[in-house]
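The structure under discussion appears below in the form of structure tokens.
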Amino acid sequence: MIDQLRSKWSGKSFQTYMLPTKKAVQAARRSQTKVFPHFKIQNQQEKFNVYSHLLSGILAAIGLIILLIEATPGEGYFLTIWVYGFSLMFVFFASSFWHMHKKSEDEFSRWTLVDEISIFVAIAGAFTPIAVFYLEGTLREITIGFQWGSALVGILMKLKYTMIKRWKTAIIYLTMGWGGAIPIQFAFGQMDPLTIVLLFGCGIFSSIGAVLFATRKPKHFHEIFHVLVTFALLFHYISVISFISH
């Protein structure tokens, strides 16, 4: 009887109830991380860049919902808000996703391309509500056409010449930004002083960010760039929601 019990518990049935070893647990954890391989930070030094714009993207999604709730039915308003909200989410999430996969500052990948393309969309998207809300007729059409036309040219350029120098890309960013500001000045008479200050601050922060993007200086320029872009788009968002709320 005793021999039978020993034989039973020393067999496979006993082994199946053995506690897993430390190596087995670690292997299981590694296999679990492969379920979402695209959401793993490749370089731990990129944590700030990943999480800062990931959080900004989530806030942009919430901000879009708030704008849609606050908006009153009007000509092109809801479509304009959707375009604007999408451009915000796109630029933040694309940036976060790129930094999640980024291993070094000099690395270029498809995620780098998506990130730089998203900036063209963000600039054009930012000018869209301002043009729709404050400009009329031909001036509105020229502003929107210039922005999205420039964005399309920039995107096609990046797709064809993927390794183009950063400073050349930055020039297009700045041209879109300050070129679009020229017709916007005709709407200053319709804006309250706070909106003008916010838009001016958005332009200044964005321009400084573009210079840092092009020169890659000083040290930790990319983290500073992220902060500047976040504040620039925050200022812009406040100017948009202040119009929608009144």
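The values are calculated or read from the model by the stated rules, or taken from the named source; none is laboratory data. For clarity, every value in this text was computed on a predicted model and none was experimentally measured. Backbone-built Cβ (ideal geometry, glycine too); neighbour counts: all protein chains shown.
I'm checking my understanding of the structure. Among residues of the stretch 158-184 that are modelled with pLDDT of 85 or more and polar (S, T, N, Q), which one is surrounded by the fewest Cβ atoms within 10 Å (Cβ to Cβ)?
Selected residue: Thr175.
Residues to consider are Phe235, Phe213; find the one that is without any contact (Cβ under 8 Å) to a residue 60 or more places away in the chain, touching a Lys or Arg at 6+ places or on another chain (Cβ under 9 Å) and within 18 Å of Phe92 (Cβ to Cβ).
Sole residue among the options that is without any contact (Cβ under 8 Å) to a residue 60 or more places away in the chain, touching a Lys or Arg at 6+ places or on another chain (Cβ under 9 Å) and within 18 Å of Phe92 (Cβ to Cβ): Phe213.
For Trp148, only one of the following conditions fails: (1) assigned to a helix (DSSP H, G or I); (2) touching a residue at least 40 places away in the same chain (Cβ under 8 Å). What is its number?
The one condition Trp148 does not meet is (2).
Can we say Lys168 is at negative phi, basic (Lys, Arg), under 20 Å from the mean Cα position of the chain (by Cα) and in a helix (DSSP H, G or I)?
For Lys168, the condition - at negative phi, basic (Lys, Arg), under 20 Å from the mean Cα position of the chain (by Cα) and in a helix (DSSP H, G or I) - is not met.
Sort through Thr72, Thr112 and tell me the only one that's more than 14 Å from the chain's Cα centre (by Cα), of a type in the set (S, T, N, Q) and at pLDDT below 90.
Thr72
Cβ-Cβ under 8 Å, sequence separation 6+ or interchain: first residue in the stretch 175-204 and in a loop (DSSP other than H, G, I, E, B), partner among the polar types (S, T, N, Q) and surrounded by fewer than 20 Cβ atoms within 10 Å (Cβ to Cβ). Which pairs?
Going by the 8 Å Cβ cut-off, the qualifying pairs are Asp192/Ser242.
Tell me which residues, restricted to the stretch 53-73, are surrounded by 14 or more Cβ atoms within 10 Å (Cβ to Cβ) and among the β-branched types (Val, Ile, Thr).
Within the stretch 53-73, Ile58, Ile66 qualify.
Within the stretch 131-160, take every residue that is hydroxyl-bearing (Ser, Thr, Tyr) and more than 22 Å from the chain's Cα centre (by Cα) and give me the one that is farthest from Ser242 (Cα to Cα).
Thr138
Please give the number of the condition Thr195 fails out of (1) buried (at least 19 other Cβ atoms within 10 Å of the Cβ); (2) closer than 20 Å to Gly145 by Cα; (3) more than 18 Å from the chain's Cα centre (by Cα).
(2)
Quick one: which residue in Glu105, Glu46 is at pLDDT 65 or above, more than 24 Å from Ile238 (Cα to Cα) and either outside any helix (DSSP H, G or I) or within 24 Å of the chain's Cα centre (by Cα) (or both)?
On inspection, the qualifying residue turns out to be Glu46.
Could you please let me know if Val240 is buried (at least 20 other Cβ atoms within 10 Å of the Cβ) and of a type in the set (Val, Ile, Thr)?
It is true that Val240 is buried (at least 20 other Cβ atoms within 10 Å of the Cβ) and of a type in the set (Val, Ile, Thr).
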